[in-house]
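S.K.: Below you will find the structure I want to go over with you.
The values are calculated or read from the model by the stated rules, or taken from the named source; none is laboratory data. Small disclaimer: the values here were computed from a predicted structure and weren't measured. In this analysis, Cβ positions are derived from the backbone assuming ideal geometry, glycine residues included, and neighbour counts consider all displayed protein chains.
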């Protein structure tokens, strides 16, 4: 077999490979995370314990809600979705949420959980959480909620809680998704008072 007719093709293929290598050598390498460590600083967080008297004052002033302190004067961003809790009987609950925007909203969920439901007693203490009895995939999910679409998440409280429910008890639904292309929250906490 004669190689002479193939020599120009072999030469071009070698030249093409060296051209790609030359292009690759011109790209800059990004610094490795270990090299960037000196560029960032870690925040210092110090917890502060409040006395019962201080807690009572904060609760009375409305600045302490569900054991989390929040400033009431802080501007609240309007959520992207409208939502409500539908209680068909004492233990069957549906979170219904609607995208009222004129555009689709991309969402990211950090697990298989779409929303959680908490049962709070009259003192604001969490008695039960739906997520405590469930297991979820630990994978990031990205979905797009179309404009005008309504979706439901169904919950069922334990039967033994039915007798405890009454005046002063409250259900709170917390949406787990985050809007990826907006600074606004996807949904605010949704509350249902018995």
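S.K.: Among the residues of the range 86-106, count how many are buried (at least 19 other Cβ atoms within 10 Å of the Cβ) and under 16 Å from residue 153 (Cα atoms).
M.R.: Matching residues across the range 86-106 total 4.
S.K.: Just the residues that are out of contact with any helix residue (DSSP H, G or I) (no Cβ under 9 Å at 6 or more places or on another chain) and assigned to a loop (DSSP other than H, G, I, E, B), please, taken from the range 89-106.
M.R.: Hits for the range 89-106 are 89, 100, 101, 102, 103, 104.
S.K.: Also, I was wondering about something else. Look through the range 107-123, keep the residues that are crowded, with 16+ Cβ neighbours inside 10 Å and part of a strand (DSSP E or B), and return whichever of them is nearest to the chain's Cα centre (by Cα).
M.R.: The initial filter retains those residues of the range 107-123 that are crowded, with 16+ Cβ neighbours inside 10 Å, namely 107, 109, 113-120.
After this cut, where a residue has to be part of a strand (DSSP E or B) as well, the list is 107, 109, 115-120.
Details: 107: 8, 109: 5, 115: 9, 116: 11, 117: 15, 118: 16, 119: 20, 120: 22 Å.
The residue in question is 109.
S.K.: Of the conditions (1) at pLDDT 95 or above; (2) part of a loop (DSSP other than H, G, I, E, B), residue 136 fails just one. Which one is it?
M.R.: (1)
So that you can scan it fast, the table gives a plain yes or no per residue for (1) under 16 Å from residue 90 (Cα atoms); (2) out of contact with any helix residue (DSSP H, G or I) (no Cβ under 6 Å at 6 or more places or on another chain); (3) in contact (Cβ under 8 Å) with a residue 24 or more places away in the chain:
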residue	(1), (2), (3)
109	no, yes, yes
112	no, yes, yes
121	yes, yes, yes
125	no, yes, yes
140	no, yes, yes
146	no, yes, yes
164	yes, yes, yes
186	no, yes, yes
189	no, yes, no
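S.K.: Considering only the range 151-177, state which residues are assigned to a strand (DSSP E or B), surrounded by 14 or more Cβ atoms within 10 Å (Cβ to Cβ) and under 21 Å from the mean Cα position of the chain (by Cα).
M.R.: First, the residues of the range 151-177 that are assigned to a strand (DSSP E or B): 151-156, 170-175.
If we keep only those that are surrounded by 14 or more Cβ atoms within 10 Å (Cβ to Cβ) as well, we get 151, 153, 155, 170-175.
Scanning the range 151-177 gives 151, 153, 155, 171, 172, 173, 174, 175.
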